[in-house]
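Readers should treat all values here as calculations from the given coordinates under stated rules, not as data from a laboratory. Keep in mind the model is a prediction, meaning the values are calculated, not measured. With ideal geometry, Cβ positions are generated from the backbone for all residues, glycine too; neighbour counts draw on all protein chains shown.
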Amino acid sequence: MTEEPREEQTFKRDLEFSQWVRHTLRKPSTGFVATDIDFFFQDYKNSKLMLIEVKTRGGDQRWSQKKQFQELDALVKKGAEFYGRDYWGLHIIKLSGRTPDDSSEIYLDDKLVTRKQLISFLNFEDKLNE
C-alpha cells in the first residue's frame, strides 16, 4: 500500500532570515561564516541518516561551503559512530533543472546518476558511492 505524500510545511524558502543573518551578524572577514543545509534524511527505524545539499540549475558550491561541509561531515560521522548510527554521509545533489523530474542531468557527488538511482539512494536502499 502506497502512502500519500505528506504536505510540504514551508511551501517556499524563507529568504528573509537568510538576508537578516547576512546583514546583521558578523562578517566573514571576522572568521564567522554561515550556511544552510538543505536536508537531514533519517530512517529512524534502521538508525540510518545522511545530510543532503541540493544545487539546482547546474549551480556549484562555493569554496567556503565546501570547507564547512567537510568539517560538518567529519563531526557528524564521529557522532554517528559514538551513538551507533549508520551515517551515509553528506552528499551534494546537482540538478540541471529544479527537480530530478525536470532535469536532463542528475549528479550525486559529481557522479552522473539516473532518477531511479537517486531515489534508491535517498530511500537508504542502495549506497551508490561505495
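Using a Förster radius of 30 Å, what is the FRET efficiency between Ser64 and Gln19 based on their Cβ-Cβ separation? Nearest 0.05, please. Don't skip to the end; give the middle numbers.
Values: r = 18 Å, r/R0 = 0.59.
Computed FRET efficiency for Ser64 and Gln19 comes out at 0.95.
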Considering lysine pairs in the chain that are 8 or more places apart or on different chains, how many have Cα atoms under 19 Å apart?
26
Shape category assigned to segment 33-130 from the gyration tensor of Cα positions, a/c cut at 1.5:
oblate
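If I take every Cα pair under 8 Å that is 6 or more residues apart in the chain, average their sequence separation and divide by the length, what percent do I get for the relative contact order? Before the final figure, lay out the partial values.
Working: 138 pairs, mean separation 23.7, N = 130.
The value is 18 percent.
Expected output is a single nm value to one decimal: the length gained when fully extending between Lys116 and Thr99, i.e. 0.36 nm times separation in residues minus the C-alpha distance. What is it? If you can, show how the numbers build up before the last one.
Values: separation 17, 0.36 × 17 = 6.12 nm, distance 1.31 nm.
Between Lys116 and Thr99, full extension yields an extra 4.8 nm.
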Net charge within 11 Å of Phe124 by Cβ-Cβ distance, Lys/Arg positive one each and Asp/Glu negative one each, not counting Phe124 itself?
-1
Per residue of segment 38-50, in order, report the coupling 6.51 cos²θ - 1.76 cosθ + 1.60 (Karplus, θ = phi - 60°) as ³J(HN,Hα) in whole Hz, putting x for Gly and Pro.
6, 9, 10, 9, 9, 10, 5, 6, 10, 6, 10, 8, 7
If amide H atoms are built 1.01 Å from N in the plane of the peptide, which residues on other chains or at least 5 residues away come under 5 Å of the amide H of Val54?
Asp38, Ile93
If I stretch the segment between Val33 and Asp86 completely, what's the gain in nm (0.36 nm per residue apart, minus their alpha carbon distance), one decimal?
16.2 nm
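About the Cα centre, and with charges only on the beta carbon of Lys, Arg (+1) and Asp, Glu (-1), how big is the dipole of segment 37-122? Nearest 20 debye, please.
20 debye
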